[in-house]
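To start, the structure under review is shown below, and the notes come after it.
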């Protein structure tokens, strides 16, 4: 894998561990999907291999769609490792709680626009949370962690993706989740046509109605 | 809330969200004096809400009587009545609510409507001494990964369609298996899975923090009908896949919240394989693994009684005119002021 000075573990996620490393004089992120002891090795290997191959492919396609993602330098399927560009900046998760209302609106609008571009291109991110979005010093927002993503065009998958975004806002930023999601949809509408947006929103409602998300007749007698 | 002198305060809790009708009695200090559960076993197919409700209505007085006998108290000794107000099946919830209202108004004591999912978490904390866990609640009706934050139990991940327990149940029924009161479908599948050796790859669907089991169920059922694989191997593969999915999501919630405990509850918590997987991720993240004893992991009245106590101590009560059942009452809609 080339020269590598002591990688520094910066995030031990559930799905992968992220290391900050020096690779040929460049600051890089090394994303390693370590075997999970709880899973059977055959299943574990299949999941790790699949994600290691698909993630860089989707990240590359996202760039084509006009969504900034870290540049991939190296993929080693055998050790389930991806070496990619290190984006210096702040997670949107952190930013949303710190900035003014206006700035929050701007960020969410932009995020919506980026999601729109992905969807228009048939890319489903699969894990749209604010910790998977990083703003660099130039104000450019990068999407990371496409490990659960897929290349799909169906309305259903787009609906689930948007629904995940909504849920992520509600679980992490519940104080201003509503205004944020409205801004996201506003940005999303800039890229996709009215019909697609409407269908997407209807789909979210349908997913929510599948049984476990909202009361049909809130407060009504049942 | 002032403790009355000379005698204990008791809460009676009624649980009737789905196929179980149960009455539990708890003291205000969390001592469970009785927990009587009467399960409805459909002769065939899944739970028919109206038939289950009929069972509840028929069995209610007997279960109540048994609970009082076990707790060695009289109805007049009760301080409050708690009941599961939702989420659940309408006819079943209404039957429990009717019994609760009748008791409360007859005895002239307060009524407390309890959220079923909150109750599962609270009894789990009471029985395992967990303080602030990430909870994986898996049953026939629910699959929820949650953790406390700012006044409520927030939902981090859940199923996008059917519940994990439901997935196992339907597969077992499709395979022509039978369940008994002492051995529900989940246990039957677990027993067969223990004999399985060959892993058949099935759709593994994790979307962000959410999961989907319906496609996987269809795939497993189709393979079953083809008859190319042994039932033991299919049970084994089904279990391995669905448990890996919930474990992955639970691990993500654990990594995200950085909590120090993982609590496993709900009917499926009894499964040893699932326990070992959740235990493994708990160890990985230096968290304590807690599993609720099965009597309190399945739907039970004791959890409703205890949660009723917690709410009532915070001044929460439900006037009869507001005691209508809430079929789709989400976990995160409920404020839990007793959790700090």
Hey, any idea what the orientation-averaged projected area of the convex hull of segment B:224-323's Cα atoms comes to, in nm²?
10.3
When the Cα centres of segment A:117-138 and segment A:37-90 are compared, how far apart do they sit, in Å?
14
Any idea what log10 I(q)/I(0) is at q = 0.10, 0.14, 0.19 Å⁻¹ for segment B:121-296, Debye with uniform C-alpha scatterers and no solvent?
-0.36, -0.70, -1.22
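How many times 2.2 N^0.38 Å is the alpha carbon radius of gyration of segment A:43-96? Before the final figure, lay out the partial values.
Details: Rg = 13.2 Å, N = 54, 2.2 N^0.38 = 10.0 Å.
Normalised by 2.2 N^0.38 Å, the Cα Rg of segment A:43-96 equals 1.32.
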Mind jotting down the distance between the C-alpha centroids of segment B:270-340 and segment B:84-125, whole Å?
14
First measure r as the distance between the Cβ atoms of residue B:180 and residue A:121, then evaluate 1/(1 + (r/R0)^6) with R0 = 56 Å and state the FRET efficiency to the nearest 0.05.
0.55
Only helical DSSP H runs with n ≥ 4 go in: add -39500 (n - 2.57) per run for the protein assembly as shown, normalise by residue count and round the 222 nm mean residue ellipticity to 500 deg cm²/dmol.
-14500 deg cm²/dmol
Could I have the simple spin-label model distance between residue A:40 and residue B:132, label points 7 Å from Cα toward Cβ, reported in nm to one decimal?
3.9
Using the Kirkwood formula on alpha carbons, the hydrodynamic radius of segment B:172-217 in angstrom works out to 12.7
Equivalent-ellipsoid semi-axes of chain B, from the Cα gyration tensor, Å, largest first:
34, 23, 16
Need one number for segment A:5-85: average projected area of the convex hull over its C-alpha atoms, nm².
5.7
Computed FRET efficiency, Cβ-Cβ of residue B:69 and residue B:314, R0 35 Å: what is it to the nearest 0.05?
0.70
With axes computed from alpha carbons, what is the tilt in degrees of helix B:164-174 against the longest principal axis of chain B, rounded to the nearest 10 within 0 to 90?
60
How high is the relative contact order of chain A, in percent, counting Cα pairs under 8 Å that sit 6 or more residues apart?
17
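Please arrange B:41, A:133, B:303 by how many other C-beta atoms lie within 10 Å of their C-beta, fewest to most.
If I rank by nearby Cβ atoms, fewest first, I get B:41, A:133, B:303.
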Quick numbers on chain A, Rg and Dmax over C-alpha atoms in Å, give 18.5, 67
Does the protein assembly as shown come out rounded, prolate or oblate by the C-alpha gyration tensor, with a ≥ b ≥ c the root eigenvalues, rounded set by a/c under 1.5 and, if not, prolate when a/b is larger than b/c and oblate if not?
prolate
For chain A, find the longest principal axis of its Cα atoms and tell me its angle to the long axis of helix A:194-209, 0 to 90°, nearest 10.
90
If I take R0 = 30 Å and measure r between the Cβ atoms of residue B:150 and residue B:286 in this structure, what FRET efficiency does the formula 1/(1 + (r/R0)^6) give, to the nearest 0.05?
0.80
Computed over chain A: longest principal axis from alpha-carbon atoms vs helix A:101-120 long axis, angle to nearest 10 degrees, is 80
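Reported to two decimal places, what Rg/Rh ratio describes segment A:89-209 when computed on Cα atoms with Rh from the Kirkwood expression?
My calculation of the ratio gives 0.94.
Quantify how much of the Cα-Cα distance distribution of segment A:142-201 extends past 15 Å, in percent.
57
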Only counting other Cβ atoms within 10 Å, I'd like A:24, B:256 sorted with the fewest neighbours first.
A:24, B:256
What is the fewest-to-most order of B:338, B:306, A:23 by other Cβ atoms lying within 10 Å of their Cβ?
B:338, A:23, B:306
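Here, each number is a calculation from the coordinates, and none is a lab measurement. Remember, predicted model here, so these are calculated numbers, not experimental data. Cβ atoms come from the backbone with ideal geometry, glycine included; neighbour counts cover every protein chain shown.
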